[in-house]
């Protein structure tokens, strides 16, 4: 496990959220893979990333088995966690019409580490 900064701990361990349009990956579209900042597990491939305009990195798919979905504490949203370490990544939304997969994994940049292919 990687040592986290205070901001990264707030996101991954305390289920926080970074402000929209503030993270380094919200408008990032290089070829590569997005990994969990805490445990380095591969989570999202660059090909599933799309521009949703929401201010956070958005993906319409994840690497198979990489993400765990649980009902959020508010009882309305679905939280997404790293399946390996349980770190909070963000939330997943369905039926918004952004892509043909009709899924948007809305992820905090501070929860991710990008690796070029």
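The values are calculated or read from the model by the stated rules, or taken from the named source; none is laboratory data. As the structure is a computational prediction, the values presented were derived from the model and not from experiment. Glycine gets a Cβ as well: all are built from the backbone with ideal geometry, and neighbour counts include every protein chain shown.
Every condition in (1) free of Cβ contacts under 8 Å to residues at least 60 places away in the same chain; (2) under 12 Å from the mean Cα position of the chain (by Cα); (3) assigned to a strand (DSSP E or B) is met by residue 63 except one, and the failing one is (3). When we screen 81, 89 for residues that are without any contact (Cβ under 8 Å) to a residue 24 or more places away in the chain and within 20 Å of residue 13 (Cα to Cα), the only hit is 81. Would it be correct to say that residue 69 is loosely packed, with under 15 Cβ neighbours inside 10 Å, modelled with pLDDT of 95 or more and not in a loop (DSSP other than H, G, I, E, B)? Answer is yes for this residue.
Yes or no, residue by residue, for (1) modelled with pLDDT of 95 or more; (2) touching a strand residue (DSSP E or B) at 6+ places or on another chain (Cβ under 6 Å); (3) over 21 Å from residue 117 (Cβ atoms):
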position	(1), (2), (3)
4	yes, no, yes
17	yes, no, yes
59	yes, yes, no
73	no, no, yes
80	yes, yes, yes
92	yes, yes, yes
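Going by the structure shown, is residue 23 under 13 Å from the mean Cα position of the chain (by Cα), surrounded by fewer than 16 Cβ atoms within 10 Å (Cβ to Cβ) and either modelled with pLDDT of 95 or more or under 21 Å from residue 3 (Cα atoms) (or both)? So residue 23 fails the test.
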